[in-house]
Amino acid sequence: MIEHRRVPLSQMESRLLELFLSHEGEVLTRDAIANALWKGHVNPKGIAKLVSRLRQKLGPAGDLVQGRRQGGYVYRRVTDI
């Protein structure tokens, strides 16, 4: 539920969100995401597209998923100031 409305997520988007929630504050590398969701290697662009779709569906809450220059992503409920 986002802003009191149900947001439909694909199975992979839902699994990615669960992964972020269970590793809050930790940097998840692309390899870690690929292993958790696909049990192996996947094109990094595929991961970026999945993250992008999830962020878009989450609306403003999507900003809590942040990309890292070193590679990977991190989810934080509160953004750093």
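The values are calculated or read from the model by the stated rules, or taken from the named source; none is laboratory data. All values reported here derive from a predicted model rather than from experimental measurement. So basically every Cβ, Gly included, is an ideal-geometry build from the backbone, and we count neighbours across all protein chains shown. Each accessible area value is taken on the protein alone, full model and side chains, heavy atoms only, with ligands, DNA and RNA left out. Shrake-Rupley method; radii C 1.70, N 1.55, O 1.52, S 1.80 Å.
A few remarks follow.
- In a residue-by-residue description of the range 65-81, the property of being part of a helix (DSSP H, G or I) and surrounded by 15 or more Cβ atoms within 10 Å (Cβ to Cβ) applies to no position.
- Subset tally (residues that are under 14 Å from Gly71 (Cα atoms) and open to solvent by less than 40 Å² (accessible area, probe 1.4 Å)) for the range 7-31: 1
- Enumeration of residues in the range 32-59 that are of a type in the set (Lys, Arg) and under 22 Å from Arg69 (Cα atoms): Lys45, Lys49, Arg53, Arg55
- Cβ pairs under 8 Å, 6+ apart, first in the range 45-60 and touching a residue at least 12 places away in the same chain (Cβ under 8 Å), second hydroxyl-bearing (Ser, Thr, Tyr) and open to solvent by less than 30 Å² (accessible area, probe 1.4 Å): Val51/Tyr73
- Lone qualifier among Val27, Val42 - being in contact (Cβ under 8 Å) with a residue 40 or more places away in the chain and of a type in the set (A, V, I, L, M): Val27
- Residue list for the range 32-62, restricted to those being open to solvent by less than 20 Å² (accessible area, probe 1.4 Å), at pLDDT below 95 and touching a strand residue (DSSP E or B) at 6+ places or on another chain (Cβ under 7 Å): Leu58
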